[in-house]
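The values are calculated or read from the model by the stated rules, or taken from the named source; none is laboratory data. Keep in mind that this is a model prediction, so the values were computed, not measured. Backbone-built Cβ (ideal geometry, glycine too); neighbour counts: all protein chains shown.
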Amino acid sequence: MLTLWIRKILFILVFSFLFSSTGIADSLSDDFPLEYDDYDHNHSSPYVPQKSPEIDDLVAKGEVFVKQKKIAEAIEIFKMVKKMEPRDPHAYIWLMEIYMRMNEKPKALRIFEEISKYSSRLNIFSDLTLRISKEMSEEKPEHEPLVYIAPFKDDKKAAISFNFDDGPKTVYTHALPVFDTYGYKATFFINPGLMGDGRADDTWASWQDWKDAIRKGHEVGNHTVNHRVVAGIADEDLEKQVNGSYDMIVQNLGRAPFSFAFPMDTSDQKSVQKVMERHFALRDHAVLDQVYENIFIPIYGGRFFTPLVGESLVKLAIEERLWMIPQCHAVKTNEVDTYKPVTERFLKEHLKYIKQNEKDLWVDTFVDVFLYLFVRRSTRIEIQETLEHSVVFSMTSHLKNDKFGIPLTVVIKPGLTKIKEASVKIKDQEAPVPVQIEENKLLVRLPPNTSQVRVEWR
Ligand SMILES: [Zn+2]
């Protein structure tokens, strides 16, 4: 069994290296001239893993440990390799493989996020992950309660929140219109200090641009004043970078940013606390993992990030019930060379694919998905009465603020194969509540503090 896995992985590896050095590169040369390659975090060195006999030896040693089922030792070795040469995919592949087999999905997803920082050859990983998750998902006995709050709005299988960081002009000129065409909302994390007194230039979008984005229903979030890494900096600098930036956004856009993203995804306990003073939704695993268990923040873009790669990530999100938060940067144009840009063509094809699979996907801003998950976590359902064709229940949340009064999707599954009709009434309320009948389940939108909901079906 294990040898089969090893063979499979070797096959994928060899195949994808061959593939990326010939086929993909050629077919993408219109968008990405060959002198462009993936860029690492320093924007400068192209994606070329440094080959060394030392690393090869370590990888081989790790593989032997896997064969011998010495998993802890194998993990240690692969982590070491990852540190020595972060652009070499072998260690990541093995770590993901190990974590998936140990059923440690969140850890596997973290590894996936890490490699996406260095390479856009995610096709290797997404193929592998899809295969693994298929093999791994043993049929769990479904013990579903009669009434529960859907993990995502309208009981969709996955949520996607597109994030564009730093606020480059090309995002406003080339990405936003694509989102508007498909009717999807995105989140833009901006650095007010990079915008040069709010004057528009070719590099950064202007306050006017962001006002327009908000008017069209998109979200603008805080990404610090000038993209400074805030972990470990002095108190007054932290205050300025976090709350100073907040003030600039309020002043110029007339609206407070609810969301915050750390530059370079780097935070510590103190900076998280500081951000929490005024912001509510933080793009940080320490915070996000508390509202939902399957969070996945891949970095999109780069030369090898084709529509097919994007497609396989969406498939993974649906299969694994993820809240996927694609982290994008600039849109590629001919003049400027930036860190892992996406192309306009990619966005068009990607959103088209998402539209085609809309029955499974909830696409919304970062803050709106966060809010739903946050309120869901705080809301309890208590069943008061169950009969053959009816149920009475109440919902209670300890969050009393109006901001948290958003409707949640409640699912009722009476155990029938086909529901013919249904009605929902709230005690002391004349008008019936709209209910959506979907084969064997009912969907109702209800605010978190609702008592005595009576649902009847036949
Ligand atoms: Zn950034």
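Could you pull out the residue among Leu373, Leu442 that is aliphatic (A, V, I, L, M), surrounded by 19 or more Cβ atoms within 10 Å (Cβ to Cβ) and in a helix (DSSP H, G or I)?
The unique qualifying residue is Leu373.
I want to confirm something. Restricting to region 260-271 and keeping residues that are assigned to a loop (DSSP other than H, G, I, E, B) and within 16 Å of the ligand (Cβ to nearest atom), which single residue is surrounded by the fewest Cβ atoms within 10 Å (Cβ to Cβ)?
Taking the candidates together, the pick is Thr266.
Counting only residues that are within 21 Å of Leu373 (Cα to Cα) and of a type in the set (S, T, N, Q), which one in region 445-458 is surrounded by the most Cβ atoms within 10 Å (Cβ to Cβ)?
Thr450
Taking Lys211 and the conditions (1) under 18 Å from Phe164 (Cα atoms); (2) modelled with pLDDT of 95 or more; (3) of a type in the set (Lys, Arg); (4) part of a loop (DSSP other than H, G, I, E, B), which numbered condition does it fall short on, given that it satisfies the others?
Here Lys211 clears every test but (4).
Need the failing condition index for Thr203 against (1) of a type in the set (Val, Ile, Thr); (2) out of contact with any Lys or Arg (no Cβ under 8 Å at 6 or more places or on another chain); (3) within 16 Å of the ligand (Cβ to nearest atom), just the number.
(2)
Among Asn243, Asn252, Asn226, which is the only one that is in a helix (DSSP H, G or I) and within 26 Å of the chain's Cα centre (by Cα)?
Answer to the check: Asn243.
Cβ-Cβ distance below 8 Å, separation of 6 or more or different chains: which pairs start in region 263-291 with a residue that is outside the structural domain of His329 (by TED's automatic domain parsing) and end on one that is within 16 Å of the ligand (Cβ to nearest atom) and not in a helix (DSSP H, G or I)?
none
Is it true that Gly301 is surrounded by fewer than 16 Cβ atoms within 10 Å (Cβ to Cβ) and either closer than 23 Å to Phe162 by Cβ or more than 16 Å from the ligand (Cβ to nearest atom) (or both)?
no
Determine whether Thr343 is closer than 18 Å to Pro168 by Cβ, surrounded by fewer than 18 Cβ atoms within 10 Å (Cβ to Cβ) and away from the ligand (no atom under 16 Å from the Cβ).
no
Check off (1) touching a helix residue (DSSP H, G or I) at 6+ places or on another chain (Cβ under 6 Å); (2) within 16 Å of the ligand (Cβ to nearest atom); (3) not in a loop (DSSP other than H, G, I, E, B) for Lys274 and give me the number that stays unchecked.
(2)
Since Ile383 meets every condition but one in (1) assigned to a loop (DSSP other than H, G, I, E, B); (2) more than 19 Å from the chain's Cα centre (by Cα), which condition does it not meet?
Going through (1) assigned to a loop (DSSP other than H, G, I, E, B); (2) more than 19 Å from the chain's Cα centre (by Cα) one by one, Ile383 breaks only (1).
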